[in-house]
Ligand SMILES: Cc1cc2nc3c(=O)[nH]c(=O)nc-3n(C[C@H](O)[C@H](O)[C@H](O)COP(=O)(O)OP(=O)(O)OC[C@H]3O[C@@H](n4cnc5c(N)ncnc54)[C@H](O)[C@@H]3O)c2cc1C
């Protein structure tokens with residue numbers, strides 16, 4: 001519980017109007033896009049590195065938890081104040097400080113929304129590729145702290161691949177400058193990347209330098225339907241090893257198609273799997289050459305239909321189904337648990353089978369979509385959270401899924417992070433030495449366990 005004296009000190013740092021302990025704010029900050037909830041004691045909206053540093057010094061002196069928060073779109077409980085304390089909202093640190101095409105980089109504050117940066121870069125012919133589906137609201141600070149990815153991961157990688165430098169306020173209140181504005185560097189430990197995916201547990205990111213890419217000007221889009229999951233899985237394996245790298249390769253399984261058809265008028269064919277793909281390049285011929293190769297592999301793997309978009313409207317129509325998935329699932333029940341498995345590319349078909357088997361064993365429907373081009377699959381379980389029995393079954397099924405997927409070399413999370421939802425499963429993927437090393441790092445940076453406690457199984 002944060003004492004009144006400490007609250008007064010926080011008001012001194014950020015100003016009366018940027019502090020709140022009103023119930024309406026505490027309820028809003030108690031959760032994110034996950035099923036987890038716990039109220040903080042108070043919240044602040046920070047506007048400068050100096051304010052963040054002063055708050056961290058105070059937190060270490062008065063010993064209260066601090067949870068950095070971007071847009072609060074985490075799907076795994078990363079942003080939930082598990083042990084109460086202070087929520088530090090970084091959304092007002094939203095300046096794009098520099099765009100330098102000559103250096104191929106941007107410097108931004110952490111509260112800049114992904115889409116706002118994209119709007120500035122597109123007319124200049126550049127982009128920051130990760131493109132999470134939540135990019136209209138999620139912040140770049142949140143993207144870095146979760147190593148966010150998106151549908152272009154197979155070709156362009158994830159946030160980690162673009163972070164050149166970070167300014168980070170450490171739990172002690174000291175300001176660390178890690179990395180440089182050089183596109184390449186082998187100088188010392190890669191401290192900047194250590195904060196990528198650290199989920200606000202090691203430091204508060206207050207400035208970000210990102211590498212940017214020239215944006216391809218042409219794309220081609222195609223969709224194929226498959227009679228079996230095995231056919232679709234084999235097509236994926238052959239595409240990724242064919243020498244052509246699609247910018248997007250997505251799968252939707254039978255249960256997803258059924259859910260879309262029952263809740264929209266998109267009228268997808270009743271098949272076991274759909275693959276959607278996009279290729280890109282700097283000329284129409286470059287994009288077309290690649291899409292034709294891929295369509296050939298669709299056909300060679302028993303696709304029952306292969307359709308290529310001939311103009312942007314047709315391409316948008318093909319993508320409409322994929323884009324509708326999350327909203328369709330949220331209509332099925334009051335909670336959707338979205339899993340975020342990632343597996344080696346050769347294991348995609350095996351993983352789809354595992355998902356089907358686990359669903360059947362627990363009597364659950366696990367509609368699955370995924371960025372199969374980079375092995376990232378999202379089975380979604382729509383269920384009634386208010387029914388404790390249902391919740392128990394869902395959690396048991398999720399646990400078995402993670403156990404089986406990590407046993408074949410997969411990872412607990414491809415892009416959403418560990419947070420609260422995957423913390424109990426860390427041991428499945430990370431052995432005792434890895435866990436000991438992660439806990440030692442946390443202790444080194446944050447000996448009083450101030451920053452975002454209760455996450456990533458760092459305390460046991
Ligand atoms: C509909 C929907 C679709 C999504 N699609 C994708 C997707 O395609 N790809 C993907 O990767 N994710 C996706 N997500 C998950 C989520 O949007 C991402 O994890 C995103 O990167 C979180 O950004 P945020 O600003 O909302 O961060 P928050 O949720 O506020 O925070 C996430 C974590 O980052 C930490 N953090 C935030 N800012 C800072 C900072 N400045 N310094 C230190 N730590 C900080 C927080 O403490 C927390 O641990 C989706 C979520 C939703 C609801």
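Remarks
- Relative contact order computed over the chain (Cα-Cα under 8 Å; 6+ residues apart), in percent: 16
- Most tightly packed first, judged by the mean number of other beta-carbon atoms within 10 Å of their residues, the peptides 415-425, 208-218 read 415-425, 208-218.
- R0 of 30 Å, Cβ-Cβ distance residue 392-residue 353: FRET efficiency to nearest 0.05: 0.75
- Peptides 14-24, 141-151 ranked from most to least packed, by the mean per-residue count of other Cβ atoms within 10 Å: 141-151, 14-24.
- Zone residues, the range 282-311, relative to residue 228, backbone N less than 13 Å from point 7 Å out along Cα-to-Cβ: 301-303
- Relative contact order of the range 350-426, pairs being alpha-carbon contacts under 8 Å that are 6 or more residues apart, as %: 24
- Global form of the range 91-166, assessed from the alpha-carbon gyration tensor, a/c cut-off 1.5: rounded
- Protection proxy ranking of 221-233, 307-319 - average other beta-carbon atoms within 10 Å, highest first: 221-233, 307-319
- Order of 74, 460 - criterion: other Cβ atoms within 10 Å of each residue's Cβ, fewest first: 460, 74
- For the chain, DSSP calls about 85 percent of its internal beta bridges antiparallel.
- From its DSSP helices (H runs of at least four residues, each -39,500 (n - 2.57)), the chain gives a residue-normalised ellipticity at 222 nm of -11000 deg cm²/dmol.
- Note on 298, 289: ascending count of other Cβ atoms within 10 Å places them as 289, 298, the fewest first.
- Computed over the range 149-305: relative contact order in percent, which uses C-alpha pairs under 8 Å that are six or more apart: 27
Since every read-out is calculated from the coordinates, none of them should be taken as a lab result. For clarity, every value in this text was computed on a predicted model and none was experimentally measured. In this analysis, Cβ positions are derived from the backbone assuming ideal geometry, glycine residues included, and neighbour counts consider all displayed protein chains.
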